[in-house]
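Novice: Dropping a structure here in structure tokens format, bear with me for questions.
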Amino acid sequence: MTTQDIEKTAAIDPAPFNDSDSQDVKIHEFKESVGYEVDVDSAKGDTVKLASDGRTRLIPQPSDDPADPLNWPRWKKNLTLFIVAYAALLPDYGSATGAVTLIPQAEEWNMTQDEINHSQAGNVFMLGAGGVFVVAFSAYFGRLPVMFYFLAVALATAAWCAGATNFESFETARILNGFFSTVAQVNGLIFIQDVFFFHERARKINIWSSFFILSPFLGPLLAAFQIATKPWPTPFWVYTAETALALVLTTLFLNETYYDRRIIQSKQPDRGNRVTSLLGIAQWRSRGQRNTFFQAVVRPFRAITKPTVLISCIYYFLTFAWSIGINTTLSIFLQPVYGFGPLQIGFFYFTPIIAVVIGEVVGHWLHDVFAKHYIRTHKGRFEPEARLRAIIVALPFTLLGLVLLGQSLENRWHIAVTALSWALYVFSTMITTVAVSSYNLDSYPEASGEVSAWINFFRTLGGFVVTYFQVTWANAQGTKATFGIQAAICLVAFSLILLLMRKGKAMRIWSGPLHFATA
């Protein structure tokens, strides 16, 4: 729903939580037993803080401290979102750039394109594995310094990729770059959770997600045009410059967003100046007020033990994996079928980019429409499972896109059919990504980074696995059979979403809260 609509129809019960409430409730104002309670009339006459319309109860309640990120001016919040979203674009952008450069690299190093593609698989895997380390470090050292140091190493390894003179060096650089560049793909939910209110988050997640869903298609598009007239390192030098820009923006404008509202303003730790906050010196001095190192390390593993997190991540794994597999191998399919060279392949990547843009526009309203309907039909109460309803809309596009893509490639149908098929599938992944991310964030707000890390891990793990056998599988059985089987897997996997929609709340109550030391 739009901000205006939810502000007119929704407000959390303003009654303060009593002393018997759990620590988690005091952190994020959410109860597994009742979810988010919404009652606009009950907010009247109370001392809770409301939005500018005077009706909407802000979730969570901001403190009176101007340093509280929830009290930042809107331009500062949106600038934070833009920087994090732009940085989140880079990992898959750089990863997928190799989907096009493998053609000239294979010629230069006297290797097959499939062998060169193994460096892609290693990079993709580390995009997921690195995220678990990112959230653990962020919980202990702070959001901003982890962003800064990871981007700095990502910049160095991006330049290493561009300067590599043999495959072994290139593959090593790609693996390391994947590990460090993934920082904003994981930390994005943390920053959104820190600076935006509940009624704003779905749309902010939609914007952030559109950047990294778009990125694996933007990389090959630009790289294809560049290698048409330039040597293959050129796209990686461009990627290096883009990473440098992310580091500069982070250095100059991004701020530490962690703030514990359970600590009164007079006892808040010193947030330091620009330099001490960026380097982590200020956060290190106040580390005793956050997680211990052991607590920070075990947070991701405690999050994945929650049934709803694991089940939703498995569904995402089984549906998104094919997107990465298609993207990293499609140039190999297009060459023999349509006789495409690098330039034609580059033009073809406009297809998924348009699909992502349409998905962002539709998703901007779709996710809030389902939330608004749920609130109206459940006496002012909202449960995270309402977010999953959007996947019902996405599923037909997933199935149709995969089936038609396989048919079109094998039957050599017109390129317009192949493009439309791919667009349908990409559109569906955009809707699904926001739904899964919003669901987990609403279910465990204090674990925004941890659930984001696992969503990212399962997404990239699927791509890592599929990259190894996608081409061999299609060559052995044909694209009609392989993509048809992939569609069937997505259909069967949808039973997991139906399970969560029916039993998700009961699972959350049964498994209990996380009891993290901090949000």
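Novice: Of the residues that sit in region 321-362 and are in contact with a Phe, Trp or Tyr (Cβ under 6 Å, 6 or more places away or on another chain) and surrounded by 24 or more Cβ atoms within 10 Å (Cβ to Cβ), which one is farthest from F212 (Cα to Cα)?
Specialist: Across region 321-362, the extreme among qualifying residues is Y349.
Novice: Consider I489 carefully, then state whether it is among the β-branched types (V, I, T) and either outside any helix (DSSP H, G or I) or over 24 Å from the mean Cα position of the chain (by Cα) (or both).
Specialist: Taking the combined requirement at face value, the residue does not satisfy it.
Novice: Give me the pairs, please: first residue somewhere in region 379-394 and free of Cβ contacts under 8 Å to residues at least 24 places away in the same chain, second residue anywhere and in a loop (DSSP other than H, G, I, E, B), beta-carbon distance under 7 Å, and either six or more positions apart or on two chains.
Specialist: none
Novice: Here's something else I'd like to know. Do the conditions hold for L334, that is, is it under 30 Å from L221 (Cβ atoms) and more than 18 Å from the chain's Cα centre (by Cα)?
Specialist: yes
Novice: Follow-up. So, N123, is that one without any contact (Cβ under 8 Å) to a residue 60 or more places away in the chain and within 27 Å of I304 (Cβ to Cβ) or not?
Specialist: Spelling it out, N123 is indeed without any contact (Cβ under 8 Å) to a residue 60 or more places away in the chain and within 27 Å of I304 (Cβ to Cβ).
Novice: Can you tell me which of L318, L278 is buried (at least 16 other Cβ atoms within 10 Å of the Cβ), under 30 Å from I431 (Cβ atoms), modelled with pLDDT of 90 or more and not basic (K, R)?
Specialist: Of L318, L278, the one residue that is buried (at least 16 other Cβ atoms within 10 Å of the Cβ), under 30 Å from I431 (Cβ atoms), modelled with pLDDT of 90 or more and not basic (K, R) is L318.
Novice: Does region 164-183 contain at least one residue that is aliphatic (A, V, I, L, M) and within 21 Å of S277 (Cα to Cα)?
Specialist: yes
Novice: When only residues in region 220-257 that are of a type in the set (D, E, K, R) and surrounded by 17 or more Cβ atoms within 10 Å (Cβ to Cβ) count, which is farthest from R290 (Cα to Cα)?
Specialist: E242
Novice: Here is a further query. Find the helices (runs of 4 or more DSSP H) located wholly in region 114-227 whose residues include 1 or more that are touching a Gly at 6+ places or on another chain (Cβ under 6 Å) and aliphatic (A, V, I, L, M), and list them.
Specialist: 167-181, 183-195, 198-227
Residues checked against (1) buried (at least 24 other Cβ atoms within 10 Å of the Cβ); (2) hydrophobic (A, V, I, L, M, F, W, C); (3) not in a helix (DSSP H, G or I):
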| position | (1), (2), (3) |
| --- | --- |
| V426 | yes, yes, no |
| I431 | yes, yes, no |
| A435 | yes, yes, no |
| S438 | yes, no, no |
| D442 | no, no, no |
| A447 | yes, yes, no |
| W454 | yes, yes, no |
| L461 | no, yes, no |
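Novice: Does I304 satisfy being surrounded by 15 or more Cβ atoms within 10 Å (Cβ to Cβ), modelled with pLDDT of 90 or more and under 27 Å from L90 (Cα atoms)?
Specialist: Answer is yes for this residue.
Novice: Same structure again: Find the residue count for region 246-258, including only residues that are in a helix (DSSP H, G or I) and of a type in the set (S, T, Y).
Specialist: Result for region 246-258: 2.
Novice: Consider R299 against the criteria (1) part of a loop (DSSP other than H, G, I, E, B); (2) in contact with an Asp or Glu (Cβ under 9 Å, 6 or more places away or on another chain): it satisfies all of them except one. Which criterion is unmet?
Specialist: Among (1) part of a loop (DSSP other than H, G, I, E, B); (2) in contact with an Asp or Glu (Cβ under 9 Å, 6 or more places away or on another chain), R299 violates only (1).
Novice: Within region 228-245, track down each residue that is among the aromatic types (F, W, Y) and either at pLDDT 95 or above or in a helix (DSSP H, G or I) (or both).
Specialist: Result: F236, W237, Y239.
Novice: Let me ask you something else. So if I check each of G94, G98, G45, G54, which one is at pLDDT 90 or above and either under 23 Å from R174 (Cβ atoms) or outside any helix (DSSP H, G or I) (or both)?
Specialist: Going through G94, G98, G45, G54 in turn, the sole match is G94.
Novice: Before we move on, is F483 in a helix (DSSP H, G or I), in contact (Cβ under 8 Å) with a residue 60 or more places away in the chain and at negative phi?
Specialist: yes
The values are calculated or read from the model by the stated rules, or taken from the named source; none is laboratory data. All of these numbers come straight from a predicted model, not from anything done at the bench. Glycine also receives a Cβ, built like all others from the backbone with ideal geometry; neighbour counts cover every protein chain displayed.
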